[in-house]
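The structure appears below as structure tokens.
What follows is calculated from the coordinates using simple rules that are stated; it is not laboratory data. Everything numeric in this text was worked out from a predicted model, so none of it was measured. No Cβ is skipped: glycine too gets one built from the backbone with ideal geometry, and neighbour counts run over all protein chains shown.
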Amino acid sequence: MSDILDTISHIIDLLVLSLSHVAQKTVIIFFIQSNHLIVSNTFSNASGVCA
């Protein structure tokens, strides 16, 4: 019985690890994309001011 519980807890640990890894990747990608938007907006505003 304890073997089954150990296996289940191990599977849950793996699931949590993979989920947190995916969440981290998603957050990083979102962060990069939003930064890219901010940078491009800043450059377009600056070029508009310069022109």
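What to note about this one:
- Pairs with Cβ under 8 Å, 6+ apart, first in the range 23-50 and surrounded by fewer than 10 Cβ atoms within 10 Å (Cβ to Cβ), second of a type outside the set (F, W, Y) and in a helix (DSSP H, G or I): none
- Filter result for D13 (of a type in the set (D, E), free of Cβ contacts under 8 Å to residues at least 40 places away in the same chain and surrounded by 10 or more Cβ atoms within 10 Å (Cβ to Cβ)): yes
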